[in-house]
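One structure is given here, and the rest of the page talks about it.
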Amino acid sequence: MLRMSDGTELLVVDAPTVRRLLPMARCIEVMAEALAGLGRDQAVNPLRSVVELPFPSSWLAMMPGAQVDPPVFGVKVISIFNENRVAGFETHQGVVLLFEAQHGSPVAIVDASEVTALRTAAVSGVATGTLARPDASEVAIIGSGTQARTHLEAMLAVRPIDRVRAWSPTRERLEAFVADARARHEVPIEAVDGPQEAVEGASIICTVSGASEPVVRAEWLSPGAHINAVGSALPTARELDAETVRRSRFYADRRESALNEAGDLLLAIRDGVVTADHVIGELGQVLIGAAEGRTGPDDITVFESLGLAVEDVAAARAVVEAARAEGAGTTVRLT
């Protein structure tokens, strides 16, 4: 349980420290625990609140959440500035403010960009480990930003990957991602010329593109493919075409979030090819056996990832516990 040392101190943890203290394998474990708790209704996770800002292509988002076991709560507050890509900055900037659950005291401020980068990919790692075929070994990555980097790391952590194909519409960014991946990982990875070339033959597909129109189509999919749909988190945007959604066994991180925010699902419902009942269950429910996962080797499975506050709170808690254990981070006195 998180506790204040004397009620007056706040631990501040920067991005490099988050990265060092929360390796991907550990983050995957933490996310599985958090999602299982959510599946048991031992968490509070309301829909995020998003405010459009009076600046070009920018928003402010607030995501509060709480866990019962271990007892902790907090809120992630981030800005989303889409034009940051041009300037070389992360599009998501912000912090996770963590509180202990005994007296409600704030205990830590943790960099949110790195928490988001790690926990999002780690949740896809949990989904892949739970829903993908055990022998899945070929990965397609659609996108070339931060989430492409962390998703490749997560996929390598949960399946015996022997081939990776990547595509994004900006060739320079794609080639930079591939070069970085080759330097980091001992797995063949190649840049391809289109999404179809990436997807065909892949047994795991990670869409981290932020596309508003489909970059995955049903006719490209191999039997048994698993898709982590991550990049579009708006009800008006989708990365998967409606037929992909229809053919799939469809899972969400949170059903309520999917039915309010997931364009992949909502636009397929609008097109009349599925209904809201198409969501088989939440990933946490599959983990605890309350929802059925893959039923056979030819199932197409989709995990719709929108990102949850309980994931941020759980990741930040793990970082703070590790930081305190080794004396890392910066302590700020509040009084």
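Taken together, the values in this text are just the output of simple stated rules run on the coordinates, not laboratory data. Since we're looking at a predicted model, the values are computed, not measured. Cβ: placed from backbone, ideal geometry, glycine included. Neighbour counts: every protein chain shown.
Structure notes:
- Prolate/oblate/rounded call for the chain, Cα gyration tensor, a/c under 1.5 rounded: prolate
- Helix 146-158 vs. the chain, principal-axis angle (Cα, 0 to 90°, nearest 10): 80
- Here the spin labels are modelled as points 7 Å beyond Cα on the Cα-Cβ line, and at VAL68 and VAL332 they lie 3.3 nm apart.
- Cα-projected label distance for LEU60 with ALA291, points at 7 Å along beta-carbon direction, nm: 3.3
- Distance in nm between pseudo-label sites at GLU172 and GLU83 (7 Å out along the Cβ direction from Cα): 1.8
- Around the amide H of LEU53, modelled in the peptide plane, lie the amide H atoms of SER58, TRP59, LEU60, all under 5 Å away and 5 or more residues distant in sequence or on another chain.
- A protection proxy built from the mean count of other Cβ atoms within 10 Å ranks the segments 9-19, 238-248, most packed first, as 238-248, 9-19.
- With neighbour counts taken as other beta-carbon atoms within 10 Å, the residues HIS185, HIS92, HIS103 rank, fewest first, as HIS103, HIS185, HIS92.
- Placing +1 on the Cβ of every Lys and Arg and -1 on the Cβ of every Asp and Glu, with no other charges, gives the range 156-260 a dipole of roughly 380 debye about its Cα centre.
- DSSP-defined antiparallel bridges as percent of all bridges, the range 73-214, nearest 5: 50
- DSSP-defined beta bridges in the chain - what % are antiparallel, rounded to 5: 50
- Test item: Cα-centred dipole of the chain, Lys/Arg +1 and Asp/Glu -1 on Cβ, debye: 380
- The string of couplings for the range 169-177 from the Karplus curve (6.51, -1.76, 1.60, θ = phi - 60°) is x, 9, 4, 4, 5, 4, 5, 5, 4 Hz, one whole number per residue in order, with x for Gly and Pro.
- Charge-dipole axis of the chain as Lys and Arg at +1 and Asp and Glu at -1 on Cβ define it, positive-most pick from VAL313, ILE204, THR330: THR330
- Of THR116, HIS92, PRO16, farthest towards positive along the dipole that unit charges on Lys, Arg, Asp, Glu beta carbons give the chain: PRO16
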